[in-house]
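Accompanying notes for the structure given below.
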Amino acid sequence: MTRKDALALLTEYTKKNGLIKHALAVEVAMRAYAKRFGEDEETWGIVGLLHDFDYEKYPTLDDHPFRGAEILREKEYPEEWIEAILGHAEHTGVPRATPMAKTLYAVDELCGFITAVAYVRPNRKLSEVKVKSVKKKMKDKAFARQVNREDIMRGAEELGIALDEHIDLVIKAMQDISDQLGL
């Protein structure tokens, strides 16, 4: 399974630019954590890229990410990857038993939140986003209200990493592809 295969699958099911950019952000955050933990960056990146590939077509809690898991099983993707993808969504009840699964959960909501913070910066640039500004916006319940702050904090806790350090790592990872993210 290659990144090229994963990107083709993502773009087969996902047409909305915002969802593709989110997948790219999660991919790069997963790669950064894989490097930090001494894991396979390609594998972790692919899991990040695919975590929401079914969301546009199957957006309900009854379907996402269950339908995606079915598709990945049909295509014979590794079960560990599928379990991580299922575990990124609280409503599935699938435990996050591996470092990859815990990391996917930890970076998913945070990538979306960091993107939202970048959008309200004067120049809409990730280079202007700092840990302090992310934490300040987290306190504002009206800002990006669809992002679950508890998931962000629980994700860092499950990784055993201080929240500030977690936010900083994800910001820096996303900055590496800021041009692809349009930020």
Return the pairs, sorted by first residue and then second, in which the second residue is in a loop (DSSP other than H, G, I, E, B) and surrounded by fewer than 24 Cβ atoms within 10 Å (Cβ to Cβ), the first residue lies in the range 41-59 and is of a type outside the set (Gly, Ala, Ser), the beta carbons are less than 7 Å apart, and the residues are 6+ apart or on different chains. 46/1; 53/14; 54/64; 55/64; 56/14; 56/15; 56/16; 58/64
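Could you tell me whether the range 13-24 includes any residue that is part of a loop (DSSP other than H, G, I, E, B), surrounded by 14 or more Cβ atoms within 10 Å (Cβ to Cβ) and either touching a Phe, Trp or Tyr at 6+ places or on another chain (Cβ under 8 Å) or hydroxyl-bearing (Ser, Thr, Tyr) (or both)?
Let us first name the residues in the range 13-24 that are part of a loop (DSSP other than H, G, I, E, B), namely 14-16.
Okay, now just the ones that are also surrounded by 14 or more Cβ atoms within 10 Å (Cβ to Cβ), so 14.
Subsequent filtering for residues that are either touching a Phe, Trp or Tyr at 6+ places or on another chain (Cβ under 8 Å) or hydroxyl-bearing (Ser, Thr, Tyr) (or both) retains 14.
Among the residues of the range 13-24, at least one is part of a loop (DSSP other than H, G, I, E, B), surrounded by 14 or more Cβ atoms within 10 Å (Cβ to Cβ) and either touching a Phe, Trp or Tyr at 6+ places or on another chain (Cβ under 8 Å) or hydroxyl-bearing (Ser, Thr, Tyr) (or both), which makes the answer yes.
Before we move on, is residue 136 more than 19 Å from residue 31 (Cα to Cα), surrounded by fewer than 13 Cβ atoms within 10 Å (Cβ to Cβ), at pLDDT below 95 and not β-branched (Val, Ile, Thr)? If you could, list the steps in order and put the result at the bottom.
On the way: more than 19 Å from residue 31 (Cα to Cα): yes; surrounded by fewer than 13 Cβ atoms within 10 Å (Cβ to Cβ): yes; at pLDDT below 95: no; not β-branched (Val, Ile, Thr): yes.
Spelling it out, it is not the case that residue 136 is more than 19 Å from residue 31 (Cα to Cα), surrounded by fewer than 13 Cβ atoms within 10 Å (Cβ to Cβ), at pLDDT below 95 and not β-branched (Val, Ile, Thr).
Kindly indicate the residue of the range 101-118 that is of a type in the set (Ser, Thr, Tyr) and surrounded by fewer than 24 Cβ atoms within 10 Å (Cβ to Cβ) and also nearest to residue 32 (Cα to Cα) among those meeting that condition. Give the steps one after another, and end with the answer.
Start the filter on the range 101-118 by keeping residues that are of a type in the set (Ser, Thr, Tyr), which leaves 103, 105, 115.
Narrowing further to those that are surrounded by fewer than 24 Cβ atoms within 10 Å (Cβ to Cβ): 105, 115.
Values: 105: 14, 115: 17 Å.
By that ranking, first place goes to 105.
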Quick one: residue 45 ticks every box in (1) in a loop (DSSP other than H, G, I, E, B); (2) farther than 22 Å from residue 157 by Cβ; (3) not basic (Lys, Arg) bar one, so which box is it? (1)
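From the list 71, 46, exactly one residue is surrounded by 17 or more Cβ atoms within 10 Å (Cβ to Cβ), within 20 Å of residue 174 (Cβ to Cβ) and out of contact with any strand residue (DSSP E or B) (no Cβ under 6 Å at 6 or more places or on another chain). Which is it? Quick ask: steps written out before the conclusion?
Values: 71 fails: within 20 Å of residue 174 (Cβ to Cβ).
Only one candidate passes the filter, namely 46.
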Pairs where the first residue, in the range 166-177, is farther than 11 Å from residue 31 by Cα and the second is outside any helix (DSSP H, G or I) and among the β-branched types (Val, Ile, Thr), C-beta under 7 Å, 6+ apart: 171/129
Of everything in the range 71-95, what is modelled with pLDDT of 95 or more, assigned to a helix (DSSP H, G or I) and among the charged types (D, E, K, R)? Give them in sequence order. 73, 74, 79, 80, 83
Take the conditions touching a Ser or Thr at 6+ places or on another chain (Cβ under 9 Å) and either polar (S, T, N, Q) or part of a helix (DSSP H, G or I) (or both) and apply them to residue 33. Does it pass? yes
Answer from 96, 121, 145 - the residue that is over 21 Å from residue 182 (Cα atoms), touching a helix residue (DSSP H, G or I) at 6+ places or on another chain (Cβ under 9 Å) and either of a type outside the set (Phe, Trp, Tyr) or buried (at least 19 other Cβ atoms within 10 Å of the Cβ) (or both): 96
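The values are calculated or read from the model by the stated rules, or taken from the named source; none is laboratory data. Computed from a prediction, not measured in an experiment: that's the story for all the values here. A quick note on method: Cβ atoms are made from the backbone with ideal geometry, for glycine too, and the neighbour counts reach across all protein chains shown.
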